[in-house]
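Remarks on the structure that follows.
Taken together, the values in this text are just the output of simple stated rules run on the coordinates, not laboratory data. Quantities reported herein were computed from a predicted structural model and do not represent experimental measurements. No Cβ is skipped: glycine too gets one built from the backbone with ideal geometry, and neighbour counts run over all protein chains shown.
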Amino acid sequence: MTAVEYHPGASVPADADPRIVDFSAADLRARLDDALGVYVAAMDYPPGTARHRAPTWTEHTSRPGWRSVAALLPDADDRLDARAAPIVAIAYGYRGAPHQWWHQQVHNGMRRTGWSARETHELLGNYFEVTELHVHPHWQGRGLGERLLSRLLTGRPERAALLSTPEIADEGNRAWRLYRRFGFTDVIRRFTFAGDRRPFAILRCPLPPTHPGLWNPPRRIPR
Ligand SMILES: CC(C)(COP(=O)(O)OP(=O)(O)OC[C@H]1O[C@@H](n2cnc3c(N)ncnc32)[C@H](O)[C@@H]1OP(=O)(O)O)[C@@H](O)C(=O)NCCC(=O)NCCS
């Protein structure tokens, strides 16, 4: 059996078959270090990043409309314990609101780039922000990100989903391919958030998503 180090010092079978589950706020708080470990591995950030992000992720769990989904590995007896199973992917988001920093940044960016006050109000008046979506590198490219995003957005009461993603030449990475496949379209391009010089795209998708090919029963992940 081949093993893969999914977390420093923790190995799991390389061919383990992840299951997608809803994660409660209590689940995420209890598993914060492991979830942040996936984030750091997926984004290839230095390990210290996790410590800085922990208070933000914790605070987000109490925001109205917060929802999270995770991909976990069952144990050898095929049991799944949300408090102990290795986490290989994590996603969460919440309902956007005017007092939130991200909302204010996007609001100002939209107005600066020609969106009218009415259009801006219409879009930002009722949306779900996809805040985090990360798959551990070993499990990337097997459809897990798509399944997580589908589950995260299923049955949401908001009119649209919004997210920000780093600009990449020719939209040439998995995140861009996933969002385009899903039907996300441009709101603002080459946007810079206050305090960060990297350019981001702000993208939106109507809810429920209308893109064909989604909303099928979860497909089996090839071993
Ligand atoms: C972006 C990210 C979340 C996408 O998740 P993912 O699981 O890797 O990707 P997807 O769910 O879109 O998988 C689709 C890929 O799997 C392949 N695939 C294999 N089996 C599949 C299946 N059963 N169903 C769907 N796709 C499958 C597809 O061909 C596709 O390959 P391609 O991207 O080379 O065209 C993930 O790659 C990631 O965490 N990246 C680093 C962090 C990051 O960029 N996060 C987002 C920041 S905004």
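Take the Cβ atoms of E59 and H121, set R0 to 30 Å, and the FRET efficiency comes out at 0.70.
To the nearest ten degrees, helix 32-43 and the longest principal axis of the Cα atoms of the chain are 70 degrees apart. With contributions of -39500 (n - 2.57) from each DSSP H run of at least four residues, the per-residue ellipticity at 222 nm computed over the chain stands at -9000 deg cm²/dmol.
Charge tally around G125: other residues with Cβ under 12 Å, Lys/Arg +1 each, Asp/Glu -1 each, net 0.
Excluding G155 itself, calculate the net charge of residues whose Cβ lies under 13 Å from the Cβ of G155, where each Lys or Arg counts +1 and each Asp or Glu counts -1. It works out to a net charge of +1.
Suppose the chain between S11 and R180 were pulled fully straight at 0.36 nm per residue; how much longer would it get relative to their current alpha carbon spacing? Working it through step by step, the gained length comes to 57.5 nm.
Report note on the peptides 178-188, 62-72: ranked by the mean count of other C-beta atoms within 10 Å, highest first, their order is 62-72, 178-188. Projecting the Cα positions of W66, A84, A97 onto the charge dipole of the stretch 53-100 (unit charges on Cβ atoms of Lys, Arg, Asp and Glu, taken about the Cα centre) puts A97 furthest along the positive direction.
Taking the Cα centre of the chain as reference, the dipole from Cβ charges on Lys and Arg (+1) and Asp and Glu (-1) amounts to some 660 debye. Taken along the Cα-to-beta-carbon direction at a fixed 7 Å, the label points for R189 and E171 span 0.9 nm. Relative contact order of the stretch 3-206, taken over Cα pairs closer than 8 Å and 6 or more residues apart, is 18 percent. Extending 7 Å from Cα along the Cβ direction at M43 and again at R111 yields two label points whose distance is 2.8 nm. Distance between the C-alpha centres of the stretch 64-108 and the stretch 147-215: 16 Å, rounded to the whole angstrom. The modelled label-to-label distance for the pair A84/A30, using points 7 Å beyond Cα in the direction of Cβ, is 1.1 nm.
Taken about its Cα centre, the stretch 36-102 carries a charge dipole of about 380 debye when Lys and Arg each add +1 at the Cβ and Asp and Glu each add -1 at the Cβ. Measure nothing fancy, just the Cα-based angle from helix 144-153's long axis to the longest principal axis of the chain, in degrees from 0 to 90, nearest 10. Between helix and principal axis, roughly 50 degrees.
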